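The values are calculated or read from the model by the stated rules, or taken from the named source; none is laboratory data. Just so we're clear, the structure is a prediction, and the values are computed from it rather than from any experiment. Here Cβ is always computed from backbone atoms with ideal geometry, including for glycine, and neighbour counts include all displayed protein chains. Note: accessible area is taken over every heavy atom of the protein model, side chains too, but ligands, DNA and RNA are not part of it. Shrake-Rupley method; radii C 1.70, N 1.55, O 1.52, S 1.80 Å.
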Amino acid sequence: MPLGETIVALATPSGEAAIAAIRVSGPSSHHLVTQCLGGRSSPTPRRMTLAKYRDRAGDVIDDVMYAFFAAGASYTGEAMLEVFPHGNPFIVRRIIEDLMARGCRAAEPGEFTRTAFLNGKMDLSQAEAVAEVIRARSDFALATARKRLSGELGRRMNSLMDKHLSVLARLEAYIDFPEEDLPPETEDGPVAELRMLERELGELRHTSHYTAMLEEGVRAVILGPPNAGKSSLLNALVGGERVIVSDAPGTTRDFIEVSVVIGPYLLRLVDTAGVGPVDSEIDRRGIEKTYEQMEAADLLLMVVDSTLPCPDLPERIGGALHGAASILVENKVDLSACRERESEIATEFRCRVSALRGTGIAELKELMVSALKSEVFDNQADGIFVSVRHGDALTRAKSAVEGALDKLRHEVPTELVVSDLRAAVDAIGEIVGRVDNEAMLDRLFGEFCIGK
Ligand code: GDP
């Protein structure tokens, strides 16, 4: 934003509401308090004040509350004004038109946060986390977004950069004093350190997989023979819960998929075709697709009818149940024919329910939460999850470190090793925003809402 400009935007959704919030950022914020709101020329910062908003003709548009923030002590770092009129789109439009007639410009999506980033109020990973906090749809997603907003990822990246720079400095010393050959003990000096850094970069990069799970939901796939009660179980799990998204109408789907919040997690529950005897081409295709779902799952719910003998499962299913977080759900316990027996199906957890009556469903949900906690998210002890953009930068950093290690191993001149390490530091720097790339910033902030 050119220096001296003042931007304005509605920060709340448009439409009727109890109140609306209009945000203004830039040097004019100060005068607008006097001109539009009849406030003192040196308004007290951060104090909510009741006032009449008058347009340029002096007509009162609405009774509003407003708060002024001084430059240096505001979200964007510039002087800011927030005006809270009644939430009527007509009032909002009149106020914004008046502010624009007084010289303000309509803000671009994300421009307030972009200004905050450019003014050093937050690093780029924190700026991105603002959008994640707004989008979070589960306690767990919110907690991780808040962690990133607090700057934890930025601190981790800065420490990683420091570690790279320290190896770099030592290698540069060898360039400056070539008579001192790289000591043969590089195996426990720079080489060992670089190996550790490579591992750390790889582990962090891997966490981008979990970020997708947080945003889109953990894939929980319901498997089982026909008539075991898979659809009934899906209904029982969804019943009484807040269903967030259902499938877009009109899309051809082989599966029913419902998003639902269970405990702190957002889940995508997928109901699959029954796995049973294959006797037609169509069945075979259906089963093949079920296998694909099964293999892409983060959590498997294997449903069996507890009134029937334990089904014979294809090896592929047994393997998947063994390899993923899985729960054996013995259904139809309301029927007198139900039997309690040792199951030959090897799953980490098991539980007995009646999908029809709702018996055991609360316990099943608790089990699902513990399975996800211990089997899926547990490896991420420090709870830092990187985004796809961060993952990409980390991949580049990691391959630069791999290149450096390779060169050290082959005794390539140290200058080239140093250049690889510089590339690694630059790639890590992109995560926190040490970048000079307008197009990337445009793309990133373009995904924000207006007024944020
Ligand atoms: P799916 O083919 O595995 O999806 O099975 P459905 O959910 O369609 O259920 C098959 C049949 O079993 C239906 O008639 C259900 O009403 C019945 N059913 C499902 N769950 C239970 C249960 O817990 N108890 C009883 N008694 N019947 C059930």
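A search for C-beta distances below 8 Å between a residue of region 386-409 that is without any contact (Cβ under 8 Å) to a residue 24 or more places away in the chain and any residue that is buried (at least 23 other Cβ atoms within 10 Å of the Cβ) and of a type outside the set (Asp, Glu), counting only pairs 6+ apart in sequence or on different chains, returns 407/417. Does region 206-236 hold any residues that are open to solvent by 20 Å² or more (accessible area, probe 1.4 Å), within 7 Å of the ligand (Cβ to nearest atom) and either at positive phi or not in a loop (DSSP other than H, G, I, E, B) (or both), and which are they? 227, 231, 232, listed by residue number. In region 171-188 there is no residue matching the filter, namely being among the aliphatic types (A, V, I, L, M), in a strand (DSSP E or B) and either modelled with pLDDT under 90 or closer than 30 Å to residue 306 by Cβ (or both).
Among the residues of region 390-409, those that are under 25 Å from residue 175 (Cα atoms) and touching a Leu at 6+ places or on another chain (Cβ under 8 Å) comprise 397, 398, 400, 401, 404, 405, 407, 408. Residue count for region 23-64 under the criterion of being assigned to a strand (DSSP E or B) and open to solvent by 70 Å² or more (accessible area, probe 1.4 Å): the result is 4. Summed over region 410-428, residues that are acidic (Asp, Glu) and loosely packed, with under 14 Cβ neighbours inside 10 Å total 2.
For region 429-450, the set of residues classified as open to solvent by less than 70 Å² (accessible area, probe 1.4 Å) and touching a residue at least 24 places away in the same chain (Cβ under 8 Å) consists of 429, 430, 431, 432, 433, 435, 441, 444, 445, 446, 448, 449, listed by residue number. Note on region 275-295: residues that are in a loop (DSSP other than H, G, I, E, B) and modelled with pLDDT of 75 or more amount to 1. Annotation note: of 84, 117, 90, the sole residue that is closer than 26 Å to residue 15 by Cα, touching a residue at least 60 places away in the same chain (Cβ under 8 Å), open to solvent by 20 Å² or more (accessible area, probe 1.4 Å) and among the hydrophobic types (A, V, I, L, M, F, W, C) is 84.
Scan 351, 310, 338 and give me the residue that is hydrophobic (A, V, I, L, M, F, W, C) and in contact with a helix residue (DSSP H, G or I) (Cβ under 9 Å, 6 or more places away or on another chain). Of 351, 310, 338, the one residue that is hydrophobic (A, V, I, L, M, F, W, C) and in contact with a helix residue (DSSP H, G or I) (Cβ under 9 Å, 6 or more places away or on another chain) is 351. For region 40-68, the set of residues classified as among the hydroxyl-bearing types (Ser, Thr, Tyr) and within 15 Å of residue 22 (Cα to Cα) consists of 49, 53, 66, listed by residue number. Considering only residues in region 237-263 that are at pLDDT 60 or above and farther than 17 Å from residue 371 by Cβ, the one that is nearest to the ligand (Cβ to nearest atom) turns out to be 256. Residue pairs whose Cβ atoms lie under 6 Å apart, separated by 6 or more positions or on different chains, with the first residue in region 212-223 and more than 14 Å from residue 325 (Cβ to Cβ) and the second of a type outside the set (S, T, N, Q), are 214/141; 217/266; 217/267; 217/268. Selection over region 194-205 of residues that are open to solvent by less than 20 Å² (accessible area, probe 1.4 Å) and over 22 Å from residue 129 (Cα atoms) gives a count of 2. Taken together, the residues in region 289-336 that are within 14 Å of the ligand (Cβ to nearest atom) and open to solvent by 60 Å² or more (accessible area, probe 1.4 Å) amount to 3. Only one entry of 223, 214, 266 meets the criterion of being of a type in the set (A, V, I, L, M, F, W, C) and either under 14 Å from residue 364 (Cβ atoms) or at pLDDT below 90 (or both), and that entry is 214. Can you find, within region 337-350, the residue that is nearest to the ligand (Cβ to nearest atom) among those that are assigned to a loop (DSSP other than H, G, I, E, B) and of a type in the set (Lys, Arg)? Filtering first and then ranking leaves 339.
The residues of region 351-374 that are among the small types (Gly, Ala, Ser) and within 10 Å of the ligand (Cβ to nearest atom), listed by number, are 354, 355, 358, 360.
Is it the case that some residue within region 7-22 is open to solvent by 40 Å² or more (accessible area, probe 1.4 Å) and either of a type in the set (Ser, Thr, Tyr) or assigned to a helix (DSSP H, G or I) (or both)? Yes - at least one qualifying residue is present in region 7-22. When residue 406 is tested against the conditions (1) surrounded by 17 or more Cβ atoms within 10 Å (Cβ to Cβ); (2) more than 16 Å from the ligand (Cβ to nearest atom); (3) assigned to a helix (DSSP H, G or I), the lone failure is (1).
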